[in-house]
Each structure stands twice: as C-alpha cells, then as structure tokens.
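What follows is a short report on a single structure.
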Amino acid sequence: MARTLITGGLVITAAEETPADVLVEDGKVVALARHGSQNWTAEQVFDASGRYVVPGGVDAHTHMEMPFGGTRASDTFATGTRAAAWGGTTTIVDFAVQTRGSSLRAGLDDWHAKADGNCAVDYAFHMIVSDVSEPVLRELPGLVGEGVTSFKLFMAYPGVFYSDDGQILRAMQRAADVGALTMVHAENGPAIDVLVEQALAKGETDPRHHGEVRRALLEAEATHRAIQLARVAGAPLYVVHVSAREALAELAAARDLGLPVFGETCPQYLFLSTDNLAEPGFEGAKYVCSTPLRPKEHQAALWRGLRTDDLQVVSTDHCPFCFKGQKELGLGDFSKIPNGLPGVEHRMDLLHQAVVEGRISRRRWIELACTAPARMFGLHPRKGTVAPGSDADLVIYDPHAVQTLSAATHHMNVDYSAYEGRTVTGRVETVLSRGEVLLDRGDYLGRPGHGAFLPRSACQYL
Ligand SMILES: [Zn+2]
C-alpha cells in the first residue's frame with residue numbers, strides 16, 4: 001500500500017482554508033487532520049510548511065493538436081499535458097472534433113487515438129458538433145454513455161464549424177433530452193465575415209483588425225440568441241470564452257431570471273487587451289484568438305463577473321500556434337492568422353496573481369480553477385477538491401515565490417509566450433496526480449501514459 005503524507009500546509013478548497021496534514025493512500029486522499037495530531041507514517045513525506053495544499057487544476061477548455069486554418073495546434077497531448085502538469089493542472093477536458101461529413105464516433109475515436117498513452121495528466125473530452133443532422137443527433141446518447149456529456153456548437157466560422165439557429169435549437173433539444181450540457185461559441189459568424197471582407201478590401205490587414213471586426217456587439221448578440229434558443233429548447237447552456245462586457249451582461253440577466261446558463265472566461269481576457277493586438281509589426285498575431293481580446297475597460301467587468309458568480313469557470317482555451325511558420329500564415333491578411341493562444345501552463349499562477357492583487361479570494365481562486373469546472377463537467381468530487389475519497393491530485397503551492405513568465409522557461413511547445421516578461425507571485429512546487437509525483441521542486445517526474453481517460457457524469461449544477 002503506497003502512502004504519502006503532506007504535512008504542515010494550509011489546505012485550501014472552494015469551501016474552506018484549514019491548516020491540515022493530508023494522508024494519501026493508493027492514489028486517493030484518505031484523511032485530513034490537524035497538523036501533527038496523528039501519528040501517521042508514510043513512505044513519502046512532503047513538508048508543506050508555509051505553503052498551500054490545493055487541488056490540482058481542472059482546465060475544461062483545451063485544444064491539443066487541433067486542426068485549424070490549414071495547420072494544427074503545436075502542442076500534442078504529450079507536450080500539452082506535460083506543460084499543464086508544470087502549471088499545477090492535473091485534469092484537462094479537450095475538444096474532440098467532428099469533421100464535416102463524418103460521424104461523431106469517428107471524431108471521438110480520432111481524439112482517443114491522439115491522447116491514449118500520451119497524456120501526463122488525466123483527461124476527458126467534450127465533443128464539437130460541426131455537422132448537425134438527424135443521424136448525427138442519434139449518436140448523442142451513445143457518447144453520453146461513454147462519458148462525453150457536453151457538446152459544443154459554433155455560431156461563428158461559417159463553412160467550418162458553424163451551425164445555423166435551427167441546427168442549434170435541434171441540437172440543444174436533443175442534448176437536453178439525454179442530460180448533456182450544450183456549450184456555445186457565441187459570435188455572429190456571418191456578420192463578422194462581412195466585416196472581415198470589408199476591412200480587407202480597405203487594406204486593413206494587420207492583426208489589430210481581427211479585434212475590430214469581431215465586434216463586442218456581435219458577441220453580445222450571439223450570446224443573447226444562444227440564451228433564448230436554450231430557453232426555447234428547455235436546455236442548459238454554457239457559453240465558452242466570454243470576453244465582452246456586453247455578452248457578460250446577457251449572461252447576468254439570464255441568471256437573474258433563474259435560467260441554467262453558465263459562463264467561462266480565460267486569463268487572456270483578464271490580463272491582455274487590444275493593446276497587445278496593436279503591438280507593432282506583426283507582433284499582434286501572437287494575441288489573435290476568438291472571441292478576441294477586448295479593450296482594457298472590459299477587464300473590470302469580467303473580474304466583477306467572477307466575483308459575483310455571473311461567470312463560474314476560468315479555462316484557458318489553450319490552442320497554441322508558433323509565431324514562426326504558423327501565425328505567419330496571416331502576414332498581410334489577419335483573417336488567415338490561426339486563432340488561438342498558449343496558456344495551459346499559466347492559468348493557476350495568473351489566477352493566484354489575482355489573489356495577490358486582491359481581485360478574488362483564495363477560495364474563489366480554487367473554485368474557479370478547480371472545483372467549479374469539475375462540478376460543471378461531472379468530475380466532482382473525484383477531481384477539483386481535497387477531501388477523503390477524492391483522487392490525490394494535489395499541488396503544493398508556494399504563495400511567496402516570484403517568477404517571470406517567458407518562452408525561454410515555459411514547457412508548452414510554442415515559440416512565444418503571451419505573457420513574456422510578466423512577473424507573478426506564486427509558484428507550483430510539487431504536483432501529485434492520483435498520488436504519483438509528477439513534479440517536485442523543478443524535477444519533472446511525470447510520464448506520457450500516466451494520464452487516464454475520465455468518463456464524466458452530467459453537469460452537477462443542474
Ligand atoms: Zn476553444
């Protein structure tokens with residue numbers, strides 16, 4: 001029986017902060033007790049005095065090896081989950097993609113093949129439905145039975161992932177019937193495409209125009225429409241990567257009506273802005289993602305939404321493309337810049353920085369980064385908390401260490417950092433996944449294939 005003991009730390013969950021020793025046995029947390037109050041022995045002991053003991057992060061929005069715009073995201077499941085572990089994230093939920101004209105089954109099998117045997121941390125899948133039809137909708141119950149309990153639809157990207165309102169309504173109805181959660185990328189794609197065409201015709205080709213054509217109003221409009229469609233369908237709704245305060249206002253209004261509507265935002269919308277998109281030369285391409293970065297004024301609204309629970313989850317939408325050779329596909333035409341940012345490694349630290357700055361509490365940090373995503377996507381209490389019976393996915397976190405984020409030191413397979421040179425207070429010191437040590441004081445001990453597929457139950461907020 002393998003026993004590990006973590007002594008002397010402050011255990012932080014979404015619910016409480018407790019000075020406690022944590023005993024781990026056979027990959028599970030088995031007990032917590034007041035410091036030194038038990039005569040526990042273990043093969044392996046970590047002294048967490050002066051540090052936090054927190055649940056491993058749950059990043060509910062990643063795109064490893066995602067094909068986009070004629071290229072693919074530069075992190076594989078092997079490199080991306082390794083980077084996640086370095087950053088204290090021990091579970092990812094990635095998006096399996098249905099290719100148009102093909103089945104959900106084929107898309108899901110494809111994603112299993114990419115991930116199987118390669119992941120350093122545990123993983124689960126959402127399913128992107130890019131071709132809503134009767135035969136495809138008949139596949140939903142089968143996928144739910146396999147633990148893929150959330151489906152993502154796109155109101156953006158006509159011709160690629162886009163579904164029209166009728167398709168979205170139909171998919172929401174069927175998802176609700178089988179107890180699944182519908183996720184929506186809420187931007188008015190057809191209207192954006194008109195603005196893209198007009199901008200390019202005027203010679204507006206720089207990366208900053210990506211942010212200008214993808215108007216906040218078109219995110220808000222699509223968010224409003226998604227909410228009304230979900231109401232009509234009697235379906236719960238989760239809006240991914242909310243970046244505009246006007247879109248957040250739509251979510252807040254829906255929640256005030258008591259509707260089962262949820263929202264996520266991402267660190268890039270909280271810490272970066274259109275100022276980055278407007279960096280000189282082609283530098284702005286590093287910050288091209290959709291929904292786009294917004295002017296700085298939107299950040300305060302997003303932070304407020306995180307405090308008031310109008311936004312419940314912070315995920316990364318990790319979808320890295322190298323500057324050289326990938327982002328450069330859009331030189332001279334911003335619409336050809338692959339959409340996505342690297343971030344899976346930095347979410348826990350950036351949100352801790354928000355704790356340091358007084359924007360959120362420590363418990364809210366853990367709720368947003370670990371507990372709420374685990375509950376939202378049917379992984380709680382196995383993941384997302386520190387409690388007897390939970391997986392021993394544990395992070396010893398040094399809240400005083402200072403580090404500077406940089407491409408020179410990060411572990412993501414991408415040639416730039418969206419946070420280059422930014423100094424943050426707090427750092428992951430030790431990471432356990434199901435009791436196995438993945439990382440300890442700078443030594444990486446993880447391995448591809450440790451990470452296991454997690455079948456998920458239904459959303460636990462419903
Ligand atoms: Zn995404």
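The values are calculated or read from the model by the stated rules, or taken from the named source; none is laboratory data. Note that the structure is a prediction, hence the values are computed from the model and not measured. Reconstructed Cβ throughout: ideal geometry from the backbone, glycine too, with neighbour counts over all protein chains shown. Accessible surface is based on the protein model in full, side chains and every heavy atom, while ligands, DNA and RNA are left aside. Shrake-Rupley method; radii C 1.70, N 1.55, O 1.52, S 1.80 Å.
Summary table below
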read-out: Helix 189-201 axis, angle to the chain major axis (alpha carbon atoms, nearest 10°); value: 70
read-out: Listed pairs Lys28/Lys114; Lys336/Lys383; Lys202/Lys327; Lys152/Lys296; Lys28/Lys286 exceeding 31 Å between Cα atoms; value: Lys336/Lys383; Lys28/Lys286
read-out: Per-residue [θ]222 nm for the chain (sum of -39500 (n - 2.57) over DSSP H runs n ≥ 4, rounded to 500); value: -8000 deg cm²/dmol
read-out: Percentage relative contact order, the chain, counting C-alpha pairs under 8 Å, at least six apart; value: 22
read-out: Relative packing of peptides 214-226, 341-353, 60-72 - highest average C-beta neighbours within 10 Å first; value: 341-353, 214-226, 60-72
read-out: Rg followed by Dmax, in Å, when the chain is reduced to its Cα trace; value: 21.1, 74
read-out: Percent carbon-and-sulfur accessible area, the chain, ignoring ligands, DNA and RNA, probe 1.4 Å; value: 50
read-out: Inter-label distance, nm, simple model (7 Å from Cα along the C-beta direction), Tyr461/His35; value: 3.5
read-out: Kirkwood estimate for the range 109-245, i.e. one over the average of 1/r between Cα atoms, Å; value: 16.3
read-out: Computed lengthening from Glu357 to Ala408, 0.36 nm per intervening residue step minus Cα-Cα distance; value: 15.8 nm
read-out: For q = 0.15 Å⁻¹, Debye-computed log10 I/I(0) when each Cα of the range 228-333 counts as one equal scatterer; value: -0.67
read-out: FRET efficiency, 1/(1 + (r/R0)^6) with R0 45 Å, evaluated for Glu134 and Gln44 via beta carbons; value: 0.25
read-out: On Cα atoms only, tilt of 216-233 relative to the major axis of the chain in degrees; value: 80
read-out: By average C-beta atoms within 10 angstrom, highest first, the peptides 259-270, 145-156; value: 259-270, 145-156
read-out: Distance from the range 14-71 to the range 369-394 (C-alpha centre basis), Å; value: 10
read-out: Proximal charge balance of Lys324 [Cβ under 14 Å; K/R count +1, D/E count -1]; value: -1
read-out: Peptides 163-170, 36-43 ordered by average Cβ neighbours within 10 Å, highest first; value: 163-170, 36-43
read-out: Förster-model FRET efficiency, 41 Å R0, Asp26 and Glu197, C-beta, rounded to 0.05; value: 0.10
read-out: Cα-based helix-to-principal-axis angle, 165-177 vs the chain, degrees rounded to 10; value: 30
read-out: Calculated log₁₀ intensity ratio I(q)/I(0) where the Debye formula runs over C-alpha points of the range 316-390, q = 0.18 Å⁻¹; value: -0.81
